[in-house]
Amino acid sequence: MSTPAPLQDERRALVVLLSVIFLNIAGFGLVIPLLPFFGKALDAPAWQIAILFSAYSFGQFLGEPFWGRMSDRVGRRPVLMVTIAGGALAYVALAFAPTIWLAFAARFVGGFLSGNISTPQGALADITRPEERASKMGLMGSAFSLGFMIGPAIGGLLAHPELGTLGFQIPLFAAAGFGLASALAVAVFVRESRPEPKSGPRAPQIEVLRQALAHPVIARVMIISFITVAGFAGIEATYGLWTEHRFGWGPREIGFAFMGIGVLGAYCQAILTGRLVRRHGEPKVLTAGLVAMWFGMGFQFLSPTWHVAMIGFAFVCFGQSICFPCLTALISQATPPDRQGETLGINMSNMALARIGGPVFAGQLFSLVNPGAAFVVTAILIMPATALALQILRKAPSAA
């Protein structure tokens, strides 16, 4: 029996969207490990190198709600084409930046244009039935994980720090090439999926935010998103320092650890999340993921050896891998079709803000309290997040 045409179109659109995300994130991941050395080549002190990271996240914070709203208004396809191609040009601008200040500008613009994650999320929600959204968002998360795994490896192979800023132009051009390939794939293969917008003027963005914060499910999901992303980003930012202090690790051991965890995350998001959600529903899977993260944080803080610490790290990775697709799916299910991009964009902006503040807070805890304090504080914050997830379970029984 042949596959129905609508199902074939849905599968084709899914493959293209996942490929676009993979190429885009591989380009982003390609640059991240090189930034500290690129900053040093521009004679930047440590605090300015840190701003290179924050400038991108701040741009994303501003870009997510803007591009999400635009995708609801003019369509997913044009927004994806403009933002991905513009982000590629920002990598080229960074490659030729003669001063750290122009590098800041290139990173900020690149971050603003890359604040488009809610657009493919919205496109995926457009073509997916509500009961399958957590599974498909898990596939999207898996494409993210694979991009982050492969991108840094390519960047490390292509970079030549001994040549100064010139030694980083080839990997930056490669990142731009990935972006342009993604934009071309959107132009050739992606069809517009946005539902017809409702007639009449759209509500102001501040009103959409107010409605989201008043919604019994969306508001709780946004709080959980902020807590988990801030905690995970803080752990990620200080993990190298903590393992060096605790176990004497260097870049090689840390790189292998993140590679292994990346494989686990890709498996959980691509395969396991969908199966769990189909059997138990998003609220229950979200709650279980938060409990796993809490257990993993404590396990790492108390670990006597690196072997035990890696078990804890695996629990954290497993927990966040099954949490994030459920968070996105719950927001999508609670949002009208013509506001998918805008509401998902507000939550992505919320998560970008968490990525700005989480590493700063974790760094202060590392320096002023204890090298492992970020694990304890994050575990404490996950407890009220778990209580909110249980409230969602009671408020959304149909999803359970």
Report summary line: If His215, His245 are placed from fewest to most neighbouring beta carbons inside 10 Å, the sequence is His245, His215
Report task. Scan the chain and report its longest stretch carrying no trypsin sites (Lys or Arg not before Pro) that are both in a DSSP loop and have at most 16 other Cβ atoms within 10 Å. Result -> 203-400
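Roughly speaking, what is the stretch gain from Ala219 to Gln391, that is 0.36 nm per residue apart minus the C-alpha to C-alpha distance, in nm to one decimal?
60.8 nm
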Query raised in the report: So what does log10 I(q)/I(0) come out to for region 1-193 at q = 0.18 Å⁻¹, using the Debye formula with one equal point on every Cα and no solvent?
Result: -1.15
Report summary line: Between the alpha carbon centres of region 261-278 and region 40-104 the gap in Å comes to 29 Å
Query raised in the report: Taking each full run of DSSP H in the chain as one helix, which ones are at least 18 Å long along their axis (Cα atoms) and have mean Kyte-Doolittle hydropathy of at least 0.0?
Result: 5-31, 46-74, 76-95, 100-113, 133-158, 169-189, 218-247, 251-267, 282-302, 306-333, 340-368, 373-395
Query raised in the report: Summing +1 for each Lys or Arg and -1 for each Asp or Glu, what net charge is found among the other residues whose Cβ lies under 12 Å from the Cβ of Lys284?
Result: +2
**Report entry** Prolate/oblate/rounded call for region 331-390, Cα gyration tensor, a/c under 1.5 rounded
**Finding:** oblate
**Report entry** Tyr91, Tyr239, Tyr267 arranged by Cβ crowding within 10 Å, fewest neighbours leading
**Finding:** Tyr267, Tyr239, Tyr91
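Quick note: the coordinates plus some simple rules give every number you see, no bench work behind them. Predicted model only: the values in this text are computed from it and were never measured. We place every Cβ from the backbone using ideal geometry, glycine too, and count neighbours over all the protein chains shown.
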